[in-house]
Amino acid sequence: MSQKKYIFVTGGVSSSLGKGIIAASLAKLLQSRGFKTTIQKLDPYINIDPGTLNPYEHGECFVTEDGAETDLDLGHYERFLNVNTSQANNVTTGRIYRHIINRERKGDFLGKTVQVVPHITDEIKRRIQLVGEEGDYDIVITEIGGTVGDIESLPYIEAVRQLKWELGEENSLVIHLTLIPYLSAARELKTKPTQHSVKTLMESGINADILVCRTEHNLSEHLKQKLALFCNVNKDSVIESLDASTIYDVPNLMLEQRLDEITLKKLGIYKWNDSDLESWNDFLRKHKNASDVVKIGLVGKYVELQDSYKSILESFIHAGAMNDVNVEVVSIHSEFIADKKERRKVEDLDGILVAPGFGERGIKGKIAAVKYARENKVPFFGICLGLQMAVIEYCRNVKGLKKANSTEMNSRTPEPVIDLMKEQKNLKEKGGTMRLGAWKCKLKARSRIAGIYQETVISERHRHRFEFNNKYLDQLEDDNMICSGKNPKTGLVEAIELKDHPWFIGVQYHPEYKSTVASPHPLFVSFVQAAKELASKR
Ligand code: GLN
């Protein structure tokens, strides 16, 4: 398609309505009809990226192939579309301002007053168009974070208004996602909040073209008519988005509501392929009709907030479908493993995953969980910090290095089996300076992990500062413990495994960032299979 089309997704009434899922679902439908589609997220906060945010604040930080620390919605985009995103797919206010301020210091605007309009808005517009051009996409869906009316969102809304005007009628449109609350006392769905949020959007000069209404109950024809009249949209552009039992149902729900067709027509496109969701629906069938349940413990310190481990949870869903099981993830707070109740939870598991993380809090519990899994032959999967904990546990309890530790937890430990990477030692800045993005890893031939990947050279994404200290390599490896994956250039240990165990693997990288519906991650698939085997023996 020569003329690129732009779709903007805004949100009203409330946060957490699932803009990311609606955007990803629409993108999935457009992709399935043969359009090359990408999604971008604009985040109105001043952090340069979410890498410096606490997971409690913003959920998981998703990492792209090119090493960008991004919003977790990019994870949904990749899982739905099976297409990699990059730095350009996530833009924050901090990033925009930094760019403009750097240009001001260089003298690019000499003699001029640098202002939100036009300088910031122009930069926003440039970045929206850049993502479409870089990947030569037919359609770009740009999700604006936050809720209309927020002070922070104003420059983005103004940039959308201008771009819509510049691109012209059939080249762009705005989808506004709102909530239609149900008042049980009145037994009624209420449209007023939506009317107000559409009005707020109009005050900024933007007419919503399509309304997607999150609701717990079906919208009657009468209600749709009312929404259309008061929100200035066609009646068939009022789309109902009923609460779904799984996010993976949403593309089908949107297909039933014809969101994709309505969108394409409004963009002046009248020819498209039949929608091909065959493999997607095959996955859904498997996911919904799984015959067994396996219980896997997720040991971490942010377990109260589901979003903190989003990609891991989704990877379990993909891997479960492949194994004809539902994975029941049992959250285990690493700080409280010593508690009888948490401890009992551990004893009932078919598999244990020790999660990524930072800092000292909860470390003891993670080490205890590794020890339990190792000694009781429960399938164990350690990711990033999880691998580091597995190394420390083995050194302390098998190798007799009682003081083995990570310098992240104790900078003066006499046995620094996990230590800062060389290139990290002189770094002063914390933002964006970890070892990030995709790196190659060479797997030992005939190791368990090489068997799982069915390859010996793999590439996986990283996000960490610490590593296994190779000074301890000879001491760590023995007849049982092997370092089965290494960075071919630096020799950094990327994977460990135990031979004398049904399934014990730790990886320094984050496999969860690469699991998608179309391509579930082999390590998760194999780990769930091992858990299923243990469950069947119980
Ligand atoms: N805190 C550890 C490090 O920086 C592990 C990081 C992680 O689990 N992502 O190396």
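The table below gives the values:
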| quantity | calculated |
| --- | --- |
| Per-residue ³J(HN,Hα) for segment 450-463, Karplus 6.51 cos²θ - 1.76 cosθ + 1.60, θ = phi - 60°, Hz, x for Gly and Pro | 5, x, 5, 6, 6, 7, 10, 10, 10, 9, 9, 8, 10, 6 |
| Long-range amide H partners of G297 with built H, under 5 Å | V330, D350, G351, I352, L353 |
| Theoretical FRET efficiency, 1/(1+(r/R0)^6), r = Cβ-Cβ of L130 and K199, R0 41 Å, to 0.05 | 0.80 |
| Nitroxide proxy distance, nm - points 7 Å out along Cα→Cβ at Q424 and H99 | 3.0 nm |
| Prolate/oblate/rounded label for segment 389-515 (Cα gyration tensor, a/c 1.5) | oblate |
| Ranking of T70, T215 by count of other Cβ atoms within 10 Å, fewest first | T215, T70 |
| Among S32, Q424, V517 the positive-end extreme of the charge dipole of the chain (Cβ point charges) | Q424 |
| The chain: angle of helix 154-167 to the longest principal axis, Cα-based, in degrees nearest 10 | 60 degrees |
| Residue order, fewest to most surrounding Cβ atoms within 10 angstrom, among V198, V457 | V457, V198 |
| Distance in nm between pseudo-label sites at K288 and L53 (7 Å out along the Cβ direction from Cα) | 3.2 nm |
| MRE, 222 nm, helices only [DSSP H, n ≥ 4, -39500 (n - 2.57), over the chain, to nearest 500] | -10500 deg cm²/dmol |
| Charge dipole magnitude, Cβ of K and R +1, D and E -1 - the chain, Cα centre, debye nearest 20 | 1100 debye |
| Karplus (6.51, -1.76, 1.60) ³J(HN,Hα), θ = phi - 60°, over segment 192-198, in Hz, Gly and Pro reported as x | 4, x, 5, 4, 5, 6, 5 |
| Three-way shape call for segment 217-271 based on the alpha-carbon gyration tensor, with the a/c threshold at 1.5 | oblate |
| In sequence order, calculated HN-Hα J values of segment 200-205 (Karplus, 6.51, -1.76, 1.60; Hz; x Gly/Pro) | 4, 5, 5, 4, 8, x |
| Label-point gap, in nm, between K403 and K489 - each point 7 angstrom along Cα→Cβ | 3.6 nm |
| Estimated FRET transfer efficiency when R0 is 35 angstrom, pair I151-A518 (beta carbons, to 0.05) | 0.30 |
| Cβ-Cβ FRET estimate between V116 and R258, R0 fixed at 35 Å, reported to 0.05 | 0.40 |
| Interchain or long-range residues, amide H under 5 Å from H464's placed H | R435 |
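Laboratory data are not the source of any read-out in this text; all were calculated from the coordinates shown. Quick caveat, the model's predicted, so the values are computed rather than measured. A quick note on method: Cβ atoms are made from the backbone with ideal geometry, for glycine too, and the neighbour counts reach across all protein chains shown.
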